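Here's the structure, in structure tokens; my notes come after.
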Amino acid sequence: MKSPMRILISGSSIAGPALAYWLHRYGFDVTIVELAPALRKGGFGVDVRGAAVEVLRQMGVLEQVRAADTHMTGVYFVNGNGKVEGRLSEAGMGNRQDVDIEIMRDDLTGILYDLTQDAVRYIWNDSITGIRDTEEGAEVRFDRSEPQTFDLVIGADGLHSNVRTLTFGAEEQFKQTLGCFISIFTLDNYLNLDHRELLHSVPGKTVGMKSARSSAEAKGMFLFTPESMVFSRRDTGMQKELVADAFRHETGWETQRLLQAMHEADDFYFDEICQIRMPSWSKGRVALVGDAAYCPSPLSGQGTSLAIVGAFVLAGELKLANGDYAAAFAAYERHMRAFVEQNQKIGRMAAGGMIERSRFKIRLRNAMLRLPFVMSAMFRMMMRMIAKAANGIELKAYGDEPV
Ligand SMILES: Cc1cc2nc3c(=O)[nH]c(=O)nc-3n(C[C@H](O)[C@H](O)[C@H](O)COP(=O)(O)OP(=O)(O)OC[C@H]3O[C@@H](n4cnc5c(N)ncnc54)[C@H](O)[C@@H]3O)c2cc1C
């Protein structure tokens, strides 16, 4: 009996463990290396829609994921005094009860980790420093662990993928900026929000607070368009100062209290809102999945679904190809590309709606949200578009027998 293909995955968030699950189910030998010392906490809610819901069903975790649904009731736009000026129901944002799911990001990563922890080798607190593609395999060097040879290396290491940089070169070639930055952090639910999200916009900036998981905990958010901004991805202190600078003179609503809470948060997340667009997602023995290959931006609400479906398709094509990984990578791209492009389009549209550039546009948006007929027409249009994109792929039946 031939020994199973050895596959190394970089990144343990959504795409990494989802891919590991399917590869293990098909009989591959899987290792995951994650930069963080343990599963990373943090993030807002993420959406699972359309084809991704079906993939979770086939993974046997759909009911568990549904049970963790945030059950948000709506997003409320408030003015500087906290008065509600417009409302968007969750259904209008594409979350249809019992069809699409919104779950806190770290609840989902916890479920996927639990599903794979006994089947997959996890290496924490480490990172790949070099990949040499040879006839025999991919020779991988690590920051801390001893070098090892694998048959394949898959980058599931997110927007700033290390595997992508090592294999395809600098991020700038593939990054399409959408012009804003986001910060998310946990704080006490001192406003007693009950499955609600409040947003306050001033030109070029939005600040928000949301509570879903329990009454004691909330998430704060700052979204803004900088004049120009250079920051170090590893320097959290510097990133907090950049957010504070952007909102220092904004005294409306809860802005200053949220800034204080951000400074005290230990799960502060900060990143640029952008997309990754690449002409190809594989090279030799290396391929990319999830945000590493085709990040649609957090504002699209589609990144998690793309990662789950991408993991399913990549693993399935590797199974079908029976060792011919080049054929599998090509089939993965063929099957996924149009689906990815459709979902990235939503990311580009959403970026425009979350940050308004002038007071007039903010007032216009809020006024429109108060008109029931405008709202329901907008909802229907948005829902149709999101549902079409989220279902824009036909999932193959890859079968269950191992390779
Ligand atoms: C902390 C955090 C908070 C987030 N919050 C939100 C949110 O609120 N809303 C939203 O829509 N999206 C959020 N995202 C992004 C969202 O998770 C993804 O868009 C989507 O789920 C696709 O997941 P992914 O697994 O491809 O990438 P990601 O979720 O970005 O995961 C990438 C993983 O790779 C790891 N990694 C990075 N570099 C290396 C390396 N050198 N070696 C090994 N591992 C590495 C990271 O630590 C992370 O665990 C967040 C991501 C993170 C990491």
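Below, the figures for the structure above:
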item: By average C-beta atoms within 10 angstrom, highest first, the peptides 138-150, 50-62, 311-323; result: 311-323, 50-62, 138-150
item: Under Karplus coefficients 6.51, -1.76 and 1.60, residue-wise ³J(HN,Hα) of the range 51-62 in Hz, glycine/proline x; result: 4, 5, 5, 5, 5, 4, 4, 5, 7, x, 10, 4
item: Per-bin percent of Cα-Cα distances, the chain [20 Å]; result: 27, 57, 15, 0
item: Under 5 Å, built H, 5+ apart or other chain: amide partners of Asn189; result: Glu217, Ala218
item: Residues whose placed amide H lies under 5 Å from that of Tyr122, excluding near-sequence neighbours; result: Ile32
item: Pairs beyond 19 Å (Cα-Cα), from Lys83/Lys210; Lys41/Lys175; Lys41/Lys219; result: Lys41/Lys175
item: Crossing angle, helix 325-354 versus the chain [Cα axis fit, 0-90 degrees, rounded to tens]; result: 10
item: Peptide ranges 296-309, 381-394, 118-131 listed from the most packed, as the mean C-beta count within 10 angstrom indicates; result: 296-309, 381-394, 118-131
item: Diffusion coefficient, µm² s⁻¹, Stokes-Einstein with Kirkwood Rh over alpha-carbon pairs of the range 240-315 at 4 °C and 1.567 mPa s; result: 85
item: Relative contact order %, the range 273-358, counting alpha carbon pairs below 8 Å whose residues are six or more apart; result: 32
item: Built amide H within the under 5 Å cut-off of Asp267, gap 5+; result: Thr186
item: Candidates Leu166, Leu19, Leu258: whichever shows maximal mean-square fluctuation once the chain is modelled as a Gaussian network with Cα springs under 10 Å; result: Leu166
item: Aspartates and glutamates with Cα under 19 Å of Lys283, excluding same-chain neighbours fewer than 8 positions away; result: Asp133, Glu135, Glu136, Glu139, Asp151, Asp157, Glu171, Glu172, Asp291, Glu317, Asp324, Glu333
item: Burial ranking of peptide ranges 65-73, 170-178 (average Cβ count within 10 Å, highest at the top); result: 65-73, 170-178
item: Taking all pairs of distinct alpha-carbon atoms in the range 273-386, Kirkwood radius in angstrom; result: 16.1
item: Taking the convex hull of Cα positions in the range 214-265, its mean projected area over all directions (nm²); result: 4.5
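Each value in this text was obtained by applying a stated rule to the coordinates, not by laboratory testing. Only a predicted model underlies this, so the values are computations on that prediction, with no experimental measurement involved. Glycine gets a Cβ as well: all are built from the backbone with ideal geometry, and neighbour counts include every protein chain shown.
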